[in-house]
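To start, the structure under review is shown below, and the notes come after it.
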Amino acid sequence: MPGLTTRRQLLPLVLLAGAVLFWGTSFAAIKVALGSFTPMTVMWLRMVVATIAFAPFWTRVKRPEYRAGDWKLLTVAGLCIPCLYYLAEGNAVLLTTSSQAGVVSAVVPLLVAGGAWLLWRDGLTWRGGVAIGLSLAAVAVLSLAGGAQQSAPNPALGNLLELLAMLAAAGSMLTIKHLSTRYDPWWLTGMQAAVGAVFFLPMALASGTATWASAPPVAWACVAYLGTFVSLAAFGLYNSALRAMPASRAALSINLIPAVALLAGWFVLGESLNVVQMAACVVAIGAVVFGELGGAGDEPVAGDAAVAVRETP
C-alpha cells in the first residue's frame, strides 16, 4: 500500500531527526554539567540514569540471536561506546567549546567510510578520499585558530580528543550495523548503558564526590537529560534507524549535528566562533556533503553492502 510504504520510508528519517536533536544539544548540556561535576562523574551519572531508565523495558525487548563469536563484536561495541567515546568526549568538552566539539562530530560519516575500507577493503571513491582529507584539515584549522578562553582553555587538545571520540563512534556504528539484524537495537543500547555504568564508576569515585551535594538543580537536570535523552533515547533512535537503512545514509544525518550544536552553544552558553573558525566549519561540513552526496553515482562510500551481508558465520 502506498501510504504504508511512505510511512516506512519516513519513520527512519523521523528517528534520525530525534537522534540529531538530542546529540546536537548534548555538547551544551555537558558543558553546563561540567561546571559542577568532574568529567568522569558526568559520564558515570548519565550512564546510571540511562541504565535505570531502561531497566523496566529489559523484559519487553526481543532476546538476541546469539552466534558463536558474537562476544568479540559485543566487546568492541561496548569498548567504543560508551567507554572510549565518553572517556574522550567528557574531557574534550572540558577543554574546547561545545560549538567546536559539535563541528568535529561532522567527520563521523567519513570515518565510517574509511573504517569500512580499512577493515574490509570496501570501495572508497576518490570523492570519499578527498572529503576525508579536507574534513580532517578543516578540523585542524578549527583547532589551531581557536584561542584559549575561560570556557575553552585548550581547544586544540579538546578538539583532538573529540576527534578520538568520533573514531570510537565510527567503530561502534560499523559494529552495530553488523549486529543489528540479529540484535534488537534497544537491547544493544541498554547493554552499552549498563557497560558504561560499571566502567565509569571507579573513575567517578576517584575524582571525588564532594561537589555532588552542592551541585545546582540545573547541573542535575543536564545530567538527567544526558542520561535519558542523549545516552539512551538518541542512541536507541539511531540504532533503530540503522536497522532500516544503509549505514552511510544514516550517517548523513550526523552532518546536521554541528548546526544544532552551534545554535545550542550560542543560545545556551553565548559561545561564538571567529572568522577563520567559521570558514573551517563550512569546509568541514561541505567536505562531508561532497563525500557523501556528490558521489551518488559512484560505488557506496561507506561500504554498506559489505557491512550488511556480514551476518553469516
TODO: Sort CYS83, CYS222 so that the residue with the fewest other Cβ atoms within 10 Å of its own Cβ comes first and the one with the most comes last.
DONE: CYS83, CYS222
Task: Neighbour-count ranking [beta-carbon atoms within 10 angstrom, fewest first] of GLU271, GLU65, GLU162 - done: GLU65, GLU271, GLU162
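Please arrange ARG46, ARG67 by counting, for each residue, the other beta carbons lying within 10 Å of its beta carbon, fewest first.
ARG67, ARG46
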Task: ALA137-ALA224 pseudo-label distance in nm [points 7 Å out on the Cα-to-Cβ vector] - done: 4.8 nm
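Taking 41 Å as R0, compute the FRET efficiency from the Cβ-Cβ separation of ALA259 and PHE57 and round it to 0.05.
Given R0 = 41 Å and the Cβ-Cβ separation, E is 0.85.
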- [ ] Would you tally the net charge around MET203, using a Cβ to Cβ cut-off of less than 15 Å, leaving MET203 out, and scoring K and R as +1, D and E as -1?
- [x] 0
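Values in this text are rule-based calculations from the coordinates and carry no lab data. The structure displayed is predicted, hence computed values, not measured ones. Cβ sites come from the backbone with ideal geometry, for glycine too, and all protein chains shown count toward neighbours.
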